[in-house]
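Encoded as structure tokens, the structure appears first; notes follow it.
The values are calculated or read from the model by the stated rules, or taken from the named source; none is laboratory data. All of these numbers come straight from a predicted model, not from anything done at the bench. Here the Cβ positions follow ideal geometry from the backbone for every residue, glycine too, while neighbour counts run over all protein chains shown. Note: areas computed on protein heavy atoms with side chains; ligands, DNA, RNA excluded. Shrake-Rupley method; radii C 1.70, N 1.55, O 1.52, S 1.80 Å.
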Amino acid sequence: MKKIILTGDRPTGKLHLGHYVGSLKRRVELQDSGKFDKVNIMIADAQALTDNADNPEKVRQNIIEVALDYMSCGLDPERSTIFIQSQISELTELTFFYSNLVTVSRLQRNPTVKTEIKMRNFETSIPVGFFTYPISQAADITAFDATTVPAGEDQMPMIEQTREIVNKFNTVYGEALVLPEILLPTNQACLRLPGTDGKAKMSKSLGNCIYLSDDSDTVKKKVMGMYTDPDHIKITDPGKIEGNTVFTYLDAFSRPEHFSAFLPDYVGLDELKDHYKKGGLGDVKVKKFLLAVLEEELTPIRARRKELEKDIPYIYDVLKKGSDDARETAAATLSRVKAAMRINYFDDKELIKAQSEKYTPAE
Ligand code: TRP
């Protein structure tokens with residue numbers, strides 16, 4: 001069986017370090033590994049509109065930001081199909097058909113949707129489109145016959161629900177859809193990178209994100225202001241590692257070679273943590289180290305972004321070509337789905353023949 005990737009992001013803002021370690025960095029590695037027959041990366045503008053119906057301009061403006069972030073991280077249009085969800089109308093058809101296979105109570109149980117409804121104060125007035133976006137996400141994934149969805153932990157319930165839809169569809173209509181799997185980050189700290197304030201998740205509305213496109217001064221300010229251990233007041237005080245954002249980020253980003261380059265007094269992260277726990281190591285020193293580590297990662301991304309920003313029409317051209325390619329794939333899946341569902345009336349010579357015979361029986 002072919003190995004195919006489909007994943008994507010809602011264009012509601014620039015991408016941040018949470019996106020990067022949760023999925024983006026992995027996608028680039030997978031793209032470059034040569035182990036996949038096809039890599040599809042989707043800018044999920046239609047999904048973004050499910051909770052931004054009154055703000056289409058925000059979505060429109062952020063398409064280019066996300067595309068620039070993608071390509072500056074190393075997603076390469078020669079090797080990956082980068083496309084815009086709303087341009088593939090086949091996806092909405094699939095969503096409509098799949099919605100017959102999902103119950104309202106099942107949607108109500110989706111933990112990610114539940115959390116999002118709370119966060120947006122939607123409790124008493126949930127837009128139907130938002131409530132049903134897991135079905136549309138199943139359409140995104142299955143339209144491309146995706147076997148593999150590299151994504152963060154918050155997407156687990158979506159993939160679970162997609163798998164249910166696939167199984168149901170294949171049972172009711174015959175094997176037509178591919179069963180996908182989520183590919184989670186292997187590093188615990190990358191599963192859900194906290195915001196710089198130590199809150200559970202990076203989120204634009206909380207203002208606790210470090211963006212891939214932030215300049216060095218901004219990153220410095222954000223790192224120096226990061227949440228650590230509030231009880232670690234004097235350098236000599238023993239410090240806590242758990243819940244200490246700076247150390248969580250080091251768990252996600254630091255490698256042994258960073259120590260020899262930027263902090264040669266320590267062989268590695270364990271030794272640094274031990275010293276912090278014992279007392280005698282100040283937050284500023286650890287933050288400066290984290291800053292050096294982040295800068296090493298972000299500098300080439302920033303430089304590529306600067307280059308790409310010089311030719312914005314080219315980026316739109318990439319997205320248009322990607323969308324044309326994606327539409328072709330999705331159309332083939334839709335035909336297969338329609339045939340399985342027995343709604344392919346005009347391609348079905350047998351149907352026409354059988355109906356004719358019913359009305360004009362052979363003598
Ligand atoms: N739900 C994802 C997000 O919040 C975006 C998305 C839409 C997606 N369709 C997808 C991710 C399909 C993976 C696969 O960013």
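Residues in the stretch 265-323 that are open to solvent by 80 Å² or more (accessible area, probe 1.4 Å), in a helix (DSSP H, G or I) and over 28 Å from Phe247 (Cβ atoms): Arg304, Lys306, Glu307, Pro313, Tyr314, Tyr316, Lys320, Lys321. Of all the criteria given as (1) assigned by TED's automatic domain parsing to the domain that holds Leu24; (2) out of contact with any strand residue (DSSP E or B) (no Cβ under 9 Å at 6 or more places or on another chain), the one not satisfied by Met224 is (1). The criterion of being within 12 Å of the ligand (Cβ to nearest atom), touching a helix residue (DSSP H, G or I) at 6+ places or on another chain (Cβ under 6 Å) and closer than 30 Å to Thr245 by Cα does not hold for Val113. Within the stretch 156-183, the set of residues being within 10 Å of the ligand (Cβ to nearest atom) and either in contact with a Leu (Cβ under 7 Å, 6 or more places away or on another chain) or open to solvent by 40 Å² or more (accessible area, probe 1.4 Å) (or both) comprises just one member, Ile182. Name the single residue that is nearest to the ligand (Cβ to nearest atom) among those in the stretch 100-110 being open to solvent by less than 70 Å² (accessible area, probe 1.4 Å) and not hydrophobic (A, V, I, L, M, F, W, C). Restricting to residues being open to solvent by less than 70 Å² (accessible area, probe 1.4 Å) and not hydrophobic (A, V, I, L, M, F, W, C), the top hit is Asn110.
Just to confirm my filter: which helices (runs of 4 or more DSSP H) fall fully inside the stretch 139-253 and include at least 1 residues that are closer than 30 Å to Lys3 by Cβ? So that I can check it myself, show each step before the final result.
Details: elements: 156-173, 188-191, 216-224, 245-253.
Hits in the stretch 139-253: 156-173, 188-191, 245-253.
Would you be able to say whether some residue in the stretch 122-136 is closer than 13 Å to Thr50 by Cβ, crowded, with 21+ Cβ neighbours inside 10 Å and among the small types (Gly, Ala, Ser)? For the stretch 122-136, residues closer than 13 Å to Thr50 by Cβ, crowded, with 21+ Cβ neighbours inside 10 Å and among the small types (Gly, Ala, Ser): present.
For the stretch 22-48, the set of residues classified as hydrophobic (A, V, I, L, M, F, W, C) and either near the ligand (Cβ under 10 Å from one of its atoms) or crowded, with 24+ Cβ neighbours inside 10 Å (or both) consists of Leu24, Val39, Ile41, Met42, Ile43, Ala44, Ala46, Ala48, listed by residue number. Taking the conditions (1) out of contact with any Asp or Glu (no Cβ under 6 Å at 6 or more places or on another chain); (2) at pLDDT 95 or above; (3) not small (Gly, Ala, Ser) in turn, Val178 satisfies each one other than (1).
Could you say which residue among Leu191, Leu206 is modelled with pLDDT under 95, out of contact with any Leu (no Cβ under 7 Å at 6 or more places or on another chain) and not charged (D, E, K, R)? Reasoning before the result, please.
Numbers: Leu191 fails: out of contact with any Leu (no Cβ under 7 Å at 6 or more places or on another chain).
Only one candidate passes the filter, namely Leu206.
Checked against (1) at pLDDT 95 or above; (2) closer than 24 Å to Arg60 by Cα; (3) in contact with an Asp or Glu (Cβ under 8 Å, 6 or more places away or on another chain); (4) away from the ligand (no atom under 12 Å from the Cβ), Thr147 meets all criteria but (2).
With Ser33, Ser23 as the choices, which residue is in the same structural domain as Arg79 (by TED's automatic domain parsing) and more than 19 Å from Arg305 (Cβ to Cβ)?
On the way: Ser23 fails: more than 19 Å from Arg305 (Cβ to Cβ).
Checking each option against the conditions leaves just Ser33.
Within the stretch 338-359, being exposed (fewer than 12 other Cβ atoms within 10 Å of the Cβ) and within 15 Å of Phe169 (Cβ to Cβ) holds for Arg342, Ile343. Would it be correct to say that Ser254 is surrounded by fewer than 18 Cβ atoms within 10 Å (Cβ to Cβ) and of a type in the set (S, T, N, Q)? In short, no. Checking Asp274, Asp231, Asp265, Asp237 one by one, the residue that is over 30 Å from Ser72 (Cβ atoms), of a type outside the set (Gly, Ala, Ser) and modelled with pLDDT of 95 or more is Asp274 and no other. Pro56 fulfils the conditions (1) touching a Ser or Thr at 6+ places or on another chain (Cβ under 9 Å); (2) farther than 27 Å from Glu296 by Cα except for a single criterion, (1).
Under the condition of being within 15 Å of the chain's Cα centre (by Cα), farther than 24 Å from Lys2 by Cα and of a type outside the set (S, T, N, Q), the residues counted in the stretch 105-138 number 2. Listed by first and then second residue, the pairs with beta-carbon distance under 9 Å, at least 6 apart or on different chains, first residue in the stretch 74-96 and touching a residue at least 60 places away in the same chain (Cβ under 8 Å) and crowded, with 18+ Cβ neighbours inside 10 Å, second in a loop (DSSP other than H, G, I, E, B) and of a type in the set (A, V, I, L, M, F, W, C), are Thr81/Phe144; Ile82/Leu75; Ile84/Ala44; Gln85/Ala44.
Do we have Glu271 as farther than 30 Å from Ile233 by Cβ and out of contact with any Asp or Glu (no Cβ under 6 Å at 6 or more places or on another chain) here?
Numbers: farther than 30 Å from Ile233 by Cβ: no; out of contact with any Asp or Glu (no Cβ under 6 Å at 6 or more places or on another chain): yes.
Judged against the criteria, Glu271 is not a match.
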